[in-house]
Amino acid sequence: EKGGFAHFMLKEIHEQPRAYRDTMLGRIDESGRRIILPDLHLTDEKIRSINNVHIVACGTAFHAGLVGGAVIERLVRIPVMCDVASEYRYRSPLITPDTLVIVVSQSGETADTLAALREAQANGAHVLAITNVVGSSIARDADDVISTLAGPEIAVASTKAYTSQLIAFYLFSLYLAQVRGTQSAEEIAHVIAAMHALPEQVESILANVDAIKAYAEHIAKHEDLFFIGRGLDYAVALEGSLKLKEISYIHSEAYAAGELKHGTLALIEEDVPVIALATQESVLEKTVSNIKEVKARGADVMALTHEEHVTDLLKSVDQAFAIPKTLPILTPALSVVPLQLLAYYASLARGNDVDKPRNLAKSVTVE
Ligand code: F6R
């Protein structure tokens, strides 16, 4: 049942190239220039009238929402607010009929996310669900659904569901941009072409896990570590940190790299591992200066970046791992993969039950 893999989590990590392809299938026209979402009830007129977007979810699905929100803002230039469902549902969010609410849930059964959906509908908003389970409560109640085609996810730690949610967000963001005319046909075709390359790029990451495995065995000996990054790298840092915490039980925090010096820098001492995500070229220089700040305090820094920056970064960090190059907005679909593997191998090195971490349930149907 685990298809020759030692754990469901590892199997599911390896299923990602297939999940990316399946989630894209039939949603891009044959010319590779347009997004088609034929099941959507949202009319073009409605799409043009949306004046803000709320993205609501829990845990890993929320982290996918952070990436999706940033991509929508960048491609469509609509204000986006992301929130965790347990907060959103109780703070009387400012929802109007021109708000599009996107809920994200692998299981489609998360109690807080379902309650957020109902709150949004009660306030007249159109609710789009991105979910992995057809027929789930959230899929049934939402006004629109974009299904992720990750297939059943058994391991408690979510991997292929998260990355499939990213793919769904890319498709939907491009669709909004297409309808509202905020990106040219050429630009949309350019992003689509880069999306088509992602599955093979993930395969190439999965074909070379030795360095990540060795690094995981190194961090498994530590009790505290930090992830830092800026922009989309920060969103992925949050997910990498959550994954590591939940299955390795190593305490870890993800910080927006520029925010460290406002307090958390006090925790950086000799030999504390810091994982620096440095894939976003527009803020690379800034991230490098934050890396130097932690290095100066003795941190043991690993950088995740692109091949072209490795030599330079190695002047400031202890180790660097390269991921294949794609467009900056698509990078999370690649950069998260080594972090999933890191969590997996760290958990394994600590002798934990990888697929069934303590205190956690796969589907959280109580608030
Ligand atoms: C972490 C994880 C959880 C879920 C969260 C939401 O690996 O799996 O954080 O992402 O409980 O679950 P869904 O997506 O089913 O609503």
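The values are calculated or read from the model by the stated rules, or taken from the named source; none is laboratory data. Given the structure is predicted, the values throughout are model-derived calculations rather than measurements. Neighbour counts are summed over all protein chains in view; Cβ atoms, including those assigned to glycine, are modelled from backbone coordinates with ideal geometry. Surface accessibility is based on the protein's heavy atoms, side chains included, excluding ligands, DNA and RNA. Shrake-Rupley method; radii C 1.70, N 1.55, O 1.52, S 1.80 Å.
At a glance:
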item	result
Qualifying residue in the stretch 50-64 (condition: more than 11 Å from the ligand (Cβ to nearest atom), free of Cβ contacts under 8 Å to residues at least 60 places away in the same chain, open to solvent by 30 Å² or more (accessible area, probe 1.4 Å) and assigned to a strand (DSSP E or B))	yes
Matching helices (runs of 4 or more DSSP H) fully within the stretch 76-151 where at least 2 residues are more than 14 Å from the ligand (Cβ to nearest atom)	111-122
Residue match in the stretch 262-276 (condition: buried (at least 20 other Cβ atoms within 10 Å of the Cβ) and touching a His at 6+ places or on another chain (Cβ under 6 Å))	yes
Matching residues, the stretch 12-45, being farther than 22 Å from ALA194 by Cα and either free of Cβ contacts under 8 Å to residues at least 40 places away in the same chain or among the polar types (S, T, N, Q) (or both)	PRO38, THR43, GLU45
Long-range neighbours under 6 Å by Cβ, at least six apart or interchain, first residue closer than 19 Å to GLU12 by Cα within the stretch 231-253, second open to solvent by 10 Å² or more (accessible area, probe 1.4 Å) and not in a strand (DSSP E or B)	GLU239/HIS63; SER248/ARG350
Verdict on ALA161 being small (Gly, Ala, Ser), crowded, with 24+ Cβ neighbours inside 10 Å, out of contact with any helix residue (DSSP H, G or I) (no Cβ under 6 Å at 6 or more places or on another chain) and touching a residue at least 60 places away in the same chain (Cβ under 8 Å)	yes
Residues that are touching a residue at least 24 places away in the same chain (Cβ under 8 Å), farther than 19 Å from LEU174 by Cα and either of a type in the set (A, V, I, L, M) or part of a strand (DSSP E or B) (or both), drawn from the stretch 305-333	THR305, HIS306, LEU313, VAL317, GLN319, PHE321, ILE323
Single residue of the stretch 308-367 satisfying the filter (under 13 Å from MET9 (Cβ atoms) and acidic (Asp, Glu)) that is least open to solvent (accessible area, probe 1.4 Å)	ASP355
Residue in the stretch 254-261 that is in a helix (DSSP H, G or I), touching a Phe, Trp or Tyr at 6+ places or on another chain (Cβ under 8 Å), within 29 Å of PHE172 (Cβ to Cβ) and open to solvent by less than 40 Å² (accessible area, probe 1.4 Å) present	yes
Hey, ILE13 out of contact with any His (no Cβ under 6 Å at 6 or more places or on another chain), part of a strand (DSSP E or B), within 15 Å of the ligand (Cβ to nearest atom) and more than 20 Å from ALA185 (Cα to Cα) or not	no
